[in-house]
Each structure stands twice: as C-alpha cells, then as structure tokens.
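Below: one structure, written as structure tokens.
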Amino acid sequence: MTKKWWKEAVVYQVYWRSFYDSNGDGYGDLQGVMEKLDYIKELGVDVIWLNPCYESPDIDNGYDIKNYYNIMEKAGDMETWEKLLEKIHKLDMKLIMDLVVNHTSDQHPWFVESRSSKDNPKRDWYIWKDSVKGGPPNNWRSYFTPSAWEYDELTNQYYMHSFAVEQPDLNWENEELREEVYRMMRFWLDKGIDGFRLDVINLLAKLKGFPNVENPDNINYLGNNEGIHDYLQEMHEKVFKHYDIMTVGEIPFVTPEDGVLYVGEDRKELHTLFHFEVADDMPTWDLQRFKEIQTRWYEGLKGKGTNSQFLNNHDHTRQVTRYGNDGKYRIESAKLLATMIHTLPGIPYVYQGEEIGMTGVRFDSIEDYNDIAMKNEYKEEVAKGRDPQEVFEDLLLLSRDNSRTPIQWDSSKNAGFTDGQPWIKVNPNYKTINVEQALKDPESVFYYYKKLIQLRKKNPVMIYGDYQDLSLDEKELYVYTRTYEGKCWLVLLNHSDTNNLFTLPEQLDENNKQLIISNYTDLDGTEDIHQTEMRPHEARIYDL
Ligand code: ISL
C-alpha cells in the first residue's frame, strides 16, 4: 500500500473540557489547549484529535450539537479556535475535528423546525414515525435509553434517537440534509483543518423498514445497515477526495470483513477506523482474546486498509486501570501497554493523560458522576428494583467519567487544572501522578512515550511492517515480530504480575540483536534471550 502522512501519524486526543482551564470557570477550554500545546509538541505527536467544541447544550458533553458553525461558549469562540489551529500548524502538527452527523441536539434549529409540524420543509431531516399499537414504532433500544423512540405530542409522532432523548437522529435518506452536512464539512475543511474523527459514522443508515428485532438489547442493528456505503462513498466523492486529509470513522459492531468495506483504499470511503471488539466488547484484560482480535484484524485489512490502535479514550476507562496494573506496577504496566499500542499494526492514539499513566477513578456516589450514559443506566437499573449501591458498584469500572477527570498538571489545588471549581472532581492521586513530576523524571511514562514516538519516526518497520504473533497459545506472554525491508523487530510483553519464562522461537536468530527499548532500565542488549525470565509487566523490543 502507498505511504501516506496519516498512516505514519501518532494521534493525541484532547478532551478539551478536562485538559486545561484558562479562565477559571471550571471547564477546560481552547485557550487552555493553546497554552499547553508546547507540552503536546514535546511528546512528539503529529495529529491532535479535538473532541466536539461546537455550540451545544452539553447534554452529552458536546456530542449533541445545536450549531455546527460556532464554538461552544465554555470552550471559547471562533477567534480562539482559529488561533489554536494556526498555532498547531506553526508547531508542525495537524488538527482533526470530531464531527457528529448521525444526530444533532434537540435544540438544533433544524430539529426545532422539523418537530414544529408534519409539513415543515425540514420534517424529513429527522426520523418520524407513527405509533404502533399505541406504543413506539418498534422495539429498538438506544445506547442510553430503553427505547430508541421519543413521543412528541405536538405532532403525535415518535422521533428516533440512537443515544439520548436530546440527540435526535438525522435522516440520511434525505438528500437535502446530506448536502447541508457536506456544505458544513467543507466550511471546516476550508478553514484548514486536516480531517475528521467521525462519530458513530456507521449508524447513518437505518435498518430498512424499521422492523422489530429479535433481541433489542443487542443494539448492533443500529449500525452497518444497507445503504451506509452509498452515503460514505457520496461523502468521499463530494467532500473528502478534494482535500489532503485524514478521516477516522468510529465504527461500533464492525468485524474485519465489514471493516475493509469502510477503509479499503479502493473503496473511497474512510482512511481508517476505530473498531470496538476490545474497548466495547472486552470488559477486562483477556490476552488470548486480544491476540485473536489483533490477528483477525491484521489479516482482514492487510494490503487493503489501515487500522487504528487504542485502548482508551473519552468513552473508555483509562487503560492502565482497565487492562493493566494501576497499583504496584503502574509505571511498568503503562509503558508495556504503550509499547504494545505503538508496535501493533495501525495508527496509535494517545488519549490525554495516558502519557503520564493517569488512572481510572472511584468517586463515592452517583452524584459525583457526570456521564449521561452512566446516569441513565443507573436510573434504568434502579427502576428495575435493583439495589442502588449494587448498581452503582457495577457501573464504576466502565463509567466514561473514569477517563474524563481533569488532566493532572501538578500537585497544587485541583492538580493545576483550574483556579475555579472543576466541572468534575480531580482524581485524588494527582499529588503523585502529574505532568510536573513526569517531566522531572527521565524514567517517567512521559519520556517512554516520547521515545516510542521518536522510534516510529525513524523506523518504518513500526508502521508498514508485517505482523506475526509468535505466542498464540501463551496466556500471559505476548510475543510478535514486525518485519519490513529486511528489518525484523521482536516485541516481548509480559502482561502479568508474575514472571514468565520466554523461549526464543527456533526460527529467530538473536546473535546480532540490539535492544531498542525496554521498560526495565537494567538491560543493555547483551542479555541472552534464548531463554529469559520476563519480569512483571516487562516490555522489550529487539532489532534482530
Ligand atoms: O461509550 C461507549 C461505551 O462505553 C461507546 O459505546 C460509545 O457510546 C459509542 O462508541 C459511541 O460513542 C460516540 O457517540 C456518542 C457519544 O456519547 C460518545 O462520547 C462518542 O464517542 C453519541 O454521540
């Protein structure tokens, strides 16, 4: 496959409301991002993915847009946004904007008009249906509510929402709507952004005929429906192909067979995708399952399309807590997970704070949490008669707020995030886990990430190399090679709190090996690796 800048990029995700508050209102903001750009640049990343900052009532933290053409007040204003873009480009980085076009806010003027009457010209820009047998049009549920339908008394019909009631789905069957979305996309691209992260972009096409489904709780019927590729090929034809950009689709429920239809380079749809076979479908670490997923996706996309690699984001608990060890081996574990994500086939994403080994959080009560998904699920489960404390405990590990607590800049009040009252509590461990401490420690997680990213710049084997798992039957050791143009890198990972014996596969020759990087500092490459004890959460890369 051809070399492209976006294939070689490392992406840093900025959830701006938790990044840095420049004006003391308790929310991070774009000015705050700008003031910390040198920190992001120091890490060495190429692209910044900015979560939605468009005008929004903020029911779902910006994923409920009410004006695509303006900046949300708590984030700042368009002038600040333009200065931020300019500074990002001056620092030789790129900006991709998070864009939500499966749904809008119910306060978007389009929806206000659409709901006003059945014969309003924008009625068909959303999905309205009559009730069936006195209830919703079908038995579909949404991500955040028991029904995907909300009854609107004014016109005695239901509208569809794949997420919150306040997030009505757009009707992509309506050509006028599609053209309006493409116009908006060009507005942002013509400002000079370098692409989009496209929110649940595979949900645009709905199941034909809106039939009842057998198991409404398995919501995969919301995505990957007939017609989705027509929309994405039209989007590519009318917008994307005219710009040198990166588009990454958030694609829930997708398999590699489907995935290649979205990102195959001959498909002319998207450049890359996030699948959720790990983040959504693997609640806690299961190495053998993870390896199987990696091999299946590698084989599925090989020579056709580009995958993305991530273990956490603003929706998924911080990786060192969920998939690693955030206690005794937090540092080693954070470095091991980074080694893995940056050496597996695909574009690596760094979620803000993971580069200093920030952890998930456990607040005391549901009132301490903000996430609408968690609060709705709490309400739904308690309404079934379940014990509230038990429900609360069950929701803690996967609450999205685990990864939304403010970035821990230093050990001062509110971790240096804000002079005001933070919109969400700071993780109490900020006094020991913070940027200031990390930048002073040459062995910190931060500098380990920086080294990995520097290695990527100098070693195409990490980007374009073939992948082979040499440890498929190992429960705790993950050993694989990346090979490219005669170069062979061996990655050794011990996902365990205990030692595991590694035996070099016969087909590999370690006589000329060079140690590229390790998260234990006592190795120099002279160690014999024919058989070697891998220590708890130990990671090594050798050039063979
Ligand atoms: O949050 C999830 C599980 O914890 C994911 O399933 C997530 O809801 C799903 O991937 C869609 O996420 C995207 O769209 C949502 C928004 O709430 C998320 O923040 C966004 O990443 C609706 O726009």
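Of the conditions (1) open to solvent by less than 30 Å² (accessible area, probe 1.4 Å); (2) away from the ligand (no atom under 16 Å from the Cβ); (3) closer than 29 Å to ILE88 by Cα, VAL200 fails just one. Which one is it?
Going through the list (1) open to solvent by less than 30 Å² (accessible area, probe 1.4 Å); (2) away from the ligand (no atom under 16 Å from the Cβ); (3) closer than 29 Å to ILE88 by Cα, VAL200 breaks only (2).
For a quick check of your reading of the model, give me the residue pairs whose first member lies in the stretch 61-84 and is hydroxyl-bearing (Ser, Thr, Tyr), whose second is part of a loop (DSSP other than H, G, I, E, B) and away from the ligand (no atom under 16 Å from the Cβ), with beta-carbon atoms closer than 8 Å and at least 6 apart or on different chains.
From the stretch 61-84, the pairs are THR80/ASP29.
What number of residues within the stretch 495-508 are in a loop (DSSP other than H, G, I, E, B), over 27 Å from GLY357 (Cα atoms) and open to solvent by less than 80 Å² (accessible area, probe 1.4 Å)? Please lay out each step first, then the result.
Taking the stretch 495-508 and keeping what is in a loop (DSSP other than H, G, I, E, B), we get 495-499, 504-508.
Still in the running and over 27 Å from GLY357 (Cα atoms): 504-508.
Of the ones still in play, those that are also open to solvent by less than 80 Å² (accessible area, probe 1.4 Å) are 504-505, 508.
Summing the residues that are in a loop (DSSP other than H, G, I, E, B), over 27 Å from GLY357 (Cα atoms) and open to solvent by less than 80 Å² (accessible area, probe 1.4 Å) in the stretch 495-508 gives 3.
Being over 18 Å from MET97 (Cα atoms), open to solvent by 20 Å² or more (accessible area, probe 1.4 Å), more than 16 Å from the ligand (Cβ to nearest atom) and assigned by TED's automatic domain parsing to the domain that holds TRP128 is the requirement here; does ASN212 meet it?
Numbers: over 18 Å from MET97 (Cα atoms): yes; open to solvent by 20 Å² or more (accessible area, probe 1.4 Å): yes; more than 16 Å from the ligand (Cβ to nearest atom): yes; assigned by TED's automatic domain parsing to the domain that holds TRP128: no.
It is false that ASN212 is over 18 Å from MET97 (Cα atoms), open to solvent by 20 Å² or more (accessible area, probe 1.4 Å), more than 16 Å from the ligand (Cβ to nearest atom) and assigned by TED's automatic domain parsing to the domain that holds TRP128.
Given (1) in a helix (DSSP H, G or I); (2) under 18 Å from THR317 (Cβ atoms), where does ILE424 come up short, assuming only one miss?
Among (1) in a helix (DSSP H, G or I); (2) under 18 Å from THR317 (Cβ atoms), the lone unmet condition for ILE424 is (1).
Taking TRP409 as meeting all but one of (1) open to solvent by 30 Å² or more (accessible area, probe 1.4 Å); (2) part of a loop (DSSP other than H, G, I, E, B); (3) aromatic (Phe, Trp, Tyr), write down the number of the exception.
Going through the list (1) open to solvent by 30 Å² or more (accessible area, probe 1.4 Å); (2) part of a loop (DSSP other than H, G, I, E, B); (3) aromatic (Phe, Trp, Tyr), TRP409 breaks only (1).
Only residues that are of a type in the set (Asp, Glu) and either within 26 Å of GLU538 (Cβ to Cβ) or within 16 Å of the ligand (Cβ to nearest atom) (or both): list them for the stretch 296-327, please. Talk me through it step by step, then tell me what you get.
Start the filter on the stretch 296-327 by keeping residues that are of a type in the set (Asp, Glu), which leaves 299, 315, 326.
Correct list: ASP315, ASP326.
For the stretch 141-251, please list each of the strands (runs of 3 or more DSSP E) lying entirely inside it that holds at least 2 residues being farther than 18 Å from ASP64 by Cβ.
Values: elements: 149-152, 157-160, 195-198, 246-250.
Because the criterion is at least 2 residues that are farther than 18 Å from ASP64 by Cβ, the strands (runs of 3 or more DSSP E) in the stretch 141-251 that meet it are 157-160, 246-250.
Taking interchain pairs and intrachain pairs at least six residues apart, which have beta carbon atoms under 7 angstrom, with the first residue in the stretch 194-208 and under 18 Å from ASN307 (Cβ atoms) and the second near the ligand (Cβ under 10 Å from one of its atoms) and among the hydrophobic types (A, V, I, L, M, F, W, C)?
Qualifying pairs under 7 Å: ILE201/ILE251; ASN202/ILE251.
Hey, among GLU175, GLU214, GLU226, GLU237, which residue is modelled with pLDDT of 95 or more and under 23 Å from PRO121 (Cα atoms)?
Working: GLU214 fails: under 23 Å from PRO121 (Cα atoms); GLU226 fails: under 23 Å from PRO121 (Cα atoms); GLU237 fails: under 23 Å from PRO121 (Cα atoms).
Answer to the selection: GLU175.
Output the number of residues of the stretch 288-330 satisfying the condition of being within 20 Å of TYR12 (Cα to Cα) and either β-branched (Val, Ile, Thr) or in contact with a Gly (Cβ under 8 Å, 6 or more places away or on another chain) (or both).
Residues meeting the conditions: 9.
Any residue at all in the stretch 287-295 that's under 18 Å from the mean Cα position of the chain (by Cα) and either assigned by TED's automatic domain parsing to the domain that holds GLU474 or within 16 Å of the ligand (Cβ to nearest atom) (or both)?
Initial filter on the stretch 287-295 (under 18 Å from the mean Cα position of the chain (by Cα)): 290, 293-294.
Next, from what is left, pick out any that are either assigned by TED's automatic domain parsing to the domain that holds GLU474 or within 16 Å of the ligand (Cβ to nearest atom) (or both): none.
No, that holds for no residue.
Out of (1) open to solvent by 60 Å² or more (accessible area, probe 1.4 Å); (2) under 24 Å from PRO57 (Cα atoms), what's the single condition that is false for ILE366?
Result: ILE366 passes all but (1).
So which residues in the stretch 521-542 are open to solvent by 20 Å² or more (accessible area, probe 1.4 Å) and either within 22 Å of SER444 (Cβ to Cβ) or not in a loop (DSSP other than H, G, I, E, B) (or both), if there are any at all? I'd like the intermediate steps shown before the answer.
Within the stretch 521-542, the subset open to solvent by 20 Å² or more (accessible area, probe 1.4 Å) is 521-524, 526-528, 530-531, 533, 535.
Result: THR521, ASP522, LEU523, ASP524, GLN531, GLU533, ARG535.
Can you say whether ASP371 is closer than 19 Å to GLN319 by Cα and either without any contact (Cβ under 8 Å) to a residue 24 or more places away in the chain or not assigned by TED's automatic domain parsing to the domain that holds GLY249 (or both), as far as the supplied structure shows?
Details: closer than 19 Å to GLN319 by Cα: yes; either without any contact (Cβ under 8 Å) to a residue 24 or more places away in the chain or not assigned by TED's automatic domain parsing to the domain that holds GLY249 (or both): yes.
Taking the combined requirement at face value, the residue satisfies it.
Pull up the stretch 510-520, narrow it to residues that are modelled with pLDDT of 95 or more, part of a loop (DSSP other than H, G, I, E, B) and not basic (Lys, Arg), then point me to the one that is most open to solvent (accessible area, probe 1.4 Å). Steps first, answer last, please.
Taking the stretch 510-520 as the starting set, the residues that turn out to be modelled with pLDDT of 95 or more are 513-520.
From the residues that got through so far, the ones that are part of a loop (DSSP other than H, G, I, E, B) too are 513, 519-520.
Within this subset, residues satisfying the condition of being not basic (Lys, Arg) are 519-520.
On the way: ASN519: 12, TYR520: 41 Å².
Selected residue: TYR520.
Within the set of pairs 6 or more residues apart or between chains, which connect a residue that is of a type in the set (Gly, Ala, Ser) inside the stretch 138-156 to a residue that is open to solvent by 30 Å² or more (accessible area, probe 1.4 Å) with Cβ atoms less than 7 Å apart?
That search, which allows pairs on different chains as well, returns SER147/PRO136; SER147/ARG141; ALA148/ARG141.
Give the residues of the stretch 32-55 that are open to solvent by 10 Å² or more (accessible area, probe 1.4 Å) and of a type outside the set (Ser, Thr, Tyr), sorted by residue number.
MET34, GLU35, LYS36, ASP38, LYS41, GLU42, GLY44, ASP46, GLU55
The values are calculated or read from the model by the stated rules, or taken from the named source; none is laboratory data. Computed from a predicted structure; not experimentally measured. Using ideal geometry, Cβ is built from the backbone for each residue, glycine included, and neighbour counts are taken over all protein chains shown. Quick note on the areas: whole protein, heavy atoms, side chains included, nothing else; ligands and nucleic acids left out. Shrake-Rupley method; radii C 1.70, N 1.55, O 1.52, S 1.80 Å.
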